[in-house]
Structures are given as structure tokens and as C-alpha cells.
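Report on the following structure.
The values are calculated or read from the model by the stated rules, or taken from the named source; none is laboratory data. From a predicted model like this one, the values you see are computed outputs, not experimental measurements. Note that we place each Cβ from the backbone using ideal geometry, even for glycine, and neighbour counts take in every protein chain shown. Calculation scope for accessible area: heavy atoms of the full protein, side chains included, ligands and nucleic acids excluded. Shrake-Rupley method; radii C 1.70, N 1.55, O 1.52, S 1.80 Å.
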Amino acid sequence: MNTTKEPSPFARLWGWAADCYSGFYGAVVLAVLGVACNMLAYFCVAAMIRLLLSGGGLEGCLPWCGLLLAAYAGKSIFSTCSTAVSHTATYHTLRDLRKALLSKLSRVPMGTILDTPSGQYKTTIVDRVEGMEPTLAHLLPEMTSNILVPLAIAGYIFALDWRMGLASLVTTVIGLVVMSQSGRTYAVRWQGAVEVGRRMANAIVEYVGGIQVVKAFSQSAGSYKKYSGAVEENAQYYVDWMADNQKYMATMQSVTPAVLLPILPVGLLLWSAGSLTVDVFLTVIVLALGLTGPLIAAMSFVDELAVVSTNVGEIAGILNAPELERPHIPAALKGQKIKLSGVHFTYGAADSEVLRGVDLEIRPGTVTALVGPSGSGKSTIAKLIAGFWDVSGGSITLGGVDLREIPLEQLNRQIAYVSQDNYLFDRTVRDNIRIGRLDATDTEVEAVAKASGCDEFIRALDKGYDTICGGGGGHLSGGEKQRISIARAMLKDAPIVILDEATASIDPENEAVIQRAISALTRGKTLIVIAHRLGTVANADNIVVVNQGVIEAQGTQAALLKNCPLYAQMWSAYLGTQDAD
């Protein structure tokens with residue numbers, strides 16, 4: 001039984017800041033020095049009051065005035081330096097945390113990423129990480145100073161007269177009690193705010209992604225109910241929360257600063273009874289005025305403390321997600337043969353298996369086509385071969401080595417993957433093609449573009465190869481994006497090429513060009529093709545018919561037409577669509 005105790009949110013947060021400990025410690029030291037200067041100012045004032053009441057002259061106050069000015073200057077200098085140092089350490093920590101999150105995403109299974117709305121990742125990596133800034137940059141140095149100041153002053157008041165010390169704490173205690181009532185529900189409220197915020201972010205991403213459909217059907221942001229409902233829910237949640245919280249905040253901010261209300265009557269009673277001297281009374285009044293400001297500032301951090309658990313939990317949820325575990329030492333591959341043995345696969349927590357005992361052998365240098373009805377599992381097979389997921393059962397080997405024993409970097413060098421919806425970055429056409437091999441020259445980029453049949457349309461763009469593609473390739477047509485994606489895969493020059501319905505967005509005229517380009521550029525390579533247009537794979541060395549997660553048949557076109565009723569039916573349907581065109 002595992003009895004390992006989960007680290008607290010603060011322990012996790014402090015662990016993430018390990019590389020910047022020196023900065024945070026330095027900020028605390030500077031803050032404490034600022035606190036010492038701040039306390040010294042109050043003590044200087046108290047000393048001058050006693051001096052004047054005892055009959056001392058103004059000349060005796062001059063040294064105290066000089067010390068007072070030095071204390072104020074020291075407080076400003078040390079506080080400013082503390083803030084600068086803590087913020088420098090904080091933003092370095094947030095930078096490293098964001099890098100760690102993005103690095104983590106590259107190691108988790110694709111299924112984990114695809115099953116998570118993109119708005120949620122944006123919220124976590126941008127908003128939740130940024131939400132750590134007040135805690136790291138302010139909590140340690142500023143809360144330290146804001147607590148030390150009133151503690152030191154209260155201690156000095158108690159040393160002067162314990163009765164006045166008790167009187168000076170009355171409003172502070174009431175304010176803390178009131179604040180605690182609000183703090184009891186803050187963490188729960190914040191968790192709710194995170195949930196409604198996540199729903200709104202996901203709805204916004206979905207709305208923007210489907211804006212073409214929304215416009216086509218004369219919808220608007222207001223009439224798109226999922227979006228408008230999420231926005232209204234988010235706003236109403238905060239309105240209700242603030243309305244409920246305001247009564248506590250207003251009471252606390254009204255009561256806590258009223259420190260003189262108990263001090264004046266108690267002090268007057270004690271003075272009139274002769275048990276309190278005037279100089280002590282006035283000194284307590286001056287010192288008490290310095291109690292509430294730092295305390296109210298410290299109370300403002302209560303909100304930050306309450307949200308740490310939620311923010312850290314979301315960040316840790318990504319950092320602790322299961323990874324595709326791979327070794328770091330390159331494997332010794334014996335050839336390029338791919339073999340699937342008894343492969344089973346289930347997406348996430350789904351109940352039904354997508355693949356059920358798949359056995360398949362793909363010989364090097366051949367063309368293998370995966371065909372079958374929609375949802376049969378053919379794309380899943382391709383993605384498992386590419387290493388996007390780990391199999392749930394069975395094994396997949398490349399060159400006689402289980403994929404789980406091959407480092408991801410080594411596997412990625414072996415395989416070029418092109419899907420129907422390959423992503424283009426908001427960079428130039430040249431840069432998007434060069435992603436296939438970052439050290440490729442401009443000449444090599446243009447050569448592979450010509451070979452892929454997209455040089456002509458690229459040169460017709462406003463700035464040719466230097467045209468910005470737009471977010472997701474939004475400045476280009478679907479066919480143009482796909483042809484650039486194919487050129488990018490060809491530039492990678494991997495020995496295994498997987499085309500997952502890569503020609504689906506290309507019109508028939510350009511499809512013939514692309515097919516000729518693919519044939520030329522993949523000569524001598526292992527090619528795995530998934531296509532819904534059976535005519536494009538009719539000449540494949542091996543056509544694999546996938547149906548309901550199993551391989552129903554495989555062989556050449558002629559053999560399948562003779563022996564596989566499902567393939568014969570699919571071929572007949574394909575010919576029917578061709579006749580209709």
C-alpha cells in the first residue's frame with residue numbers, strides 16, 4: 001500500500017521555484033531590512049514624544065529627526081529592491097514553468113491532448129501560471145514585512161502597558177474574525193470561478209473555430225446559445241460572489257482601522273485614575289496608528305492563499321499526466337519492417353475497444369493502404385505506428401524493436417506523418433515547409449515544393465515563399481495547406497511515410513499531380529496510406545480492409561474484389577461516386 005503523502009500546494013509551488021531560491025531569499029532579507037527601518041521610524045517618533053514631554057528642547061529632537069529621515073529612506077530603498085528582486089525571480093520561475101508545461105505536452109499521448117479542450121490548456125498555461133505571480137512575488141517578501149511590523153509594534157505597546165496593548169488589538173481581532181468568515185468559502189468560490197471560466201473559454205474557442213458555420217446559418221454571438229450562456233454564467237457568478245463577499249469586506253475595512261475607538265476611552269480612564277502617564281498614552285496612540293495599515297495589506301493576501309490550491313492543482317494536473325515512457329538510449333533497429341502483433345487499443349476511459357487483436361506486417365519499401373468504413377480503426381492503426389499513443393495490449397515493432405523501447409526522437413526521425421488536417425503555423429510558407437528539416441536551405445525547400453506540385457501556386461501568392469500563412473494556415477485554401485503539409489513531410493525525408501487521408505482536401509485535378517509527386521518522392525520508402533478514395537490506392541502492394549477494430553481482409557485489389565465482399569461493396573460505391581461526378 002502506497003502511503004506516500006501528497007505534497008501540499010505550497011510545497012509544489014516552492015518546488016517549481018527551486019532554481020530561483022536565492023532570489024526569493026534575497027527578497028525576504030531586503031523586506032525584513034525594510035521592516036526594520038519602518039519600525040525604527042515609529043520608535044523615533046515615540047522617543048521624541050517622551051523627550052518633549054520630559055522637558056527636552058527641540059535641539060534634542062534633531063538627532064531623532066535625522067534618524068527618522070534615514071529610516072524612511074531605508075524603508076523605501078529596501079522595499080523597492082525587495083520588490084525588484086522578488087519579481088525577477090518570479091518571472092524566471094513562471095517562464096521555466098511554462099516551458100515545463102509545453103515540454104510535458106510533447107511527451108503525453110495525443111489522446112490526452114485531443115480529449116482536452118484547447119481553451120483549457122490556454123487557461124492553465126497562460127492564466128493559472130500568471131495567477132502564481134502575486135503569491136511568489138508578493139506573498140513572501142511583502143506579507144513577511146506586513147506581519148512583522150504590527151507584531152513588533154504590538155509587542156512594544158504591550159511592553160509599555162499591557163492594558164493598552166489589549167485595547168489596541170480589539171478592532172484587529174474583530175476584523176480578523178469577520179475576514180475569516182469570508183475566507184472559509186473563498187477556496188470553494190474560486191474553484192467554482194475556475195470551472196465557469198473554463199466553460200466560457202472552451203465555448204469561445206469553439207465559437208471562433210466554427211465561425212464560418214455560425215455565419216453561414218445567420219447566427220451571431222448573442223444567438224449562439226452555448227457561447228452566450230457561458231459568458232452570462234461567468235458574469236453572474238462573479239456578481240453573486242462579490243455581492244456575498246462585500247458585506248464581510250466592508251465590515252473588515254471599517255472596523256480594523258478604527259483602532260483609536262477602544263484606545264482613547266481606555267487610555268483616558270487609566271490616565272484619570274493615575275495608572276497611565278501622558279507620555280505613554282500619547283506614545284501608544286502614535287504607535288497604534290501604525291498597526292492597521294500593514295495588517296489590512298496582509299489580509300489582502302488571504303485571497304491569494306485561497307486560490308493557490310486550485311491554480312497549483314490545474315498546473316500539476318498537466319505536469320503529472322501519464323507520459324509515453326521511452327528510453328533515452330537509441331535502439332539498434334534491424335531494418336524497417338513494421339509488425340503489429342495482437343494489438344488492442346482503447347481511448348482513455350472509453351468502455352469499448354477501438355482495435356481488437358490486430359495482426360499486420362508491413363514490409364520495407366512497399367505501399368500499404370488501410371481502408372474501411374468510417375470509425376473502423378484505420379487512422380488509429382496509423383497513429384499507433386507513428387507513436388502518438390501506446391497500445392493497450394499486444395505490441396508494435398519497428399526493425400524488430402518494440403516501439404516502447406525506441407526513444408521518441410529516434411522514432412520521429414523514422415516516420416513522416418501527414419494527416420487530413422495538418423496544422424500550418426502563422427509563419428511564412430517557406431518556414432512552414434522547413435519545419436520538416438530545420439537546416440534545409442532555401443534551394444532545398446523550393447526543390448521539394450516543385451516536386452510536391454505546389455511551387456506554382458506558392459509563387460502566385462502576394463509574397464511567394466515569404467507569404468504569411470496565417471493562424472492554422474487561414475490565408476490559404478484547404479488544398480493549398482495540404483500540399484504544403486505534404487511538401488513538409490517530403491522534406492523530412494523519413495524512410496516511412498504515413499498519409500492519413502492526406503489528399504482528402506485536394507480537388508481531383510490537383511490530386512493527380514499530388515499522387516504523381518508522392519509516387520516519385522516516396523520511391524524506395526515504406527508508404528502507409530489511408531484514403532477514402534479507393535482509386536488512389538488501387539495499385540498498392542497490400543490493401544488492408546479494417547472493419548470494427550479488426551482486419552477483415554488484406555491483399556491486392558484483384559484478390560480483395562474476388563474474396564472480400566466488404567471491399568467489393570466499397571469499390572462499387574466508389575465507382576458510383578465517380579460516375580455521378
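Projecting the Cα atoms of 321, 400, 38 onto the charge dipole of the chain (Cβ charges, centred on the Cα centre) puts 400 farthest toward the positive pole. When the pairs 339/492; 378/492; 334/562 are compared against a 28 Å limit on Cα-Cα distance, 334/562 fall above it.
Taking every C-alpha pair closer than 8 Å and separated by at least 6 residues, the mean separation divided by the residue count of segment 330-407 gives a relative contact order of 45 percent.
Note on segment 65-195: Kirkwood radius taken over Cα pairs, Stokes-Einstein applied at 20 °C and 1.002 mPa s, translational D equal to 112 µm² s⁻¹. The alpha-carbon atoms of the chain, seen along their principal axes, cover 117, 58, 46 angstrom, with the largest extent given first. Highest mean packing first, where packing is the average number of other Cβ atoms within 10 Å per residue, the peptides 385-392, 62-69 line up as 385-392, 62-69.
Roughly speaking, what is the stretch gain from residue 174 to residue 356, that is 0.36 nm per residue apart minus the C-alpha to C-alpha distance, in nm to one decimal? Could you put the intermediate results ahead of the total?
Details: separation 182, 0.36 × 182 = 65.52 nm, distance 6.65 nm.
Here the segment from residue 174 to residue 356 would lengthen by 58.9 nm.
With +1 assigned to the C-beta of every Lys and Arg and -1 to the C-beta of every Asp and Glu, and no other charges, what is the dipole magnitude of segment 20-172 about the Cα centre in debye, to the nearest 20? Walk me through the numbers before you get to the answer.
Values: 10 positive and 8 negative charges, 75 e Å.
For segment 20-172, the charge dipole is close to 360 debye.
A 1.4 Å probe run over the protein chains yields, for the chain, 49 Å² of accessible area per residue, whole-number rounding.
For segment 417-458, chymotrypsin sites (Phe, Trp or Tyr not before Pro) meeting the loop criterion (DSSP other than H, G, I, E, B) and having at most 15 other Cβ atoms within 10 Å: 423, 425.
What FRET efficiency comes out for the pair residue 77/residue 450, r = Cβ-Cβ distance, R0 = 60 Å, nearest 0.05?
The pair residue 77/residue 450 has a calculated efficiency of 0.40.
What does the helix-only formula give at 222 nm for the chain: each DSSP H stretch with n ≥ 4 adding -39500 (n - 2.57), the total divided by the residues, and the result rounded to the nearest 500 deg cm²/dmol?
-19000 deg cm²/dmol
Annotation: the antiparallel percentage among DSSP beta bridges lying fully within the chain is about 50. Relative contact order of the chain, taken over Cα pairs closer than 8 Å and 6 or more residues apart, is 14 percent. Ordering of 400-411, 169-180, 481-492, 267-278 by packing is 481-492, 169-180, 400-411, 267-278, highest average first (other Cβ atoms within 10 Å, averaged per residue). Partners of residue 247 within straight-line reach, counting aspartates and glutamates whose Cα lies under 18 Å from its Cα and excluding those fewer than 8 residues away in the same chain: 303.
In segment 420-485, how does Rg compare with the Kirkwood Rh, expressed as the Rg/Rh ratio over alpha carbon atoms? The partial results should precede the final answer.
Values: Rg = 10.5 Å, Rh = 11.5 Å.
Reported Rg/Rh, Kirkwood definition of Rh: 0.91.
Accessible surface of the chain, 1.4 Å probe: 60 percent of it comes from carbon and sulfur atoms.
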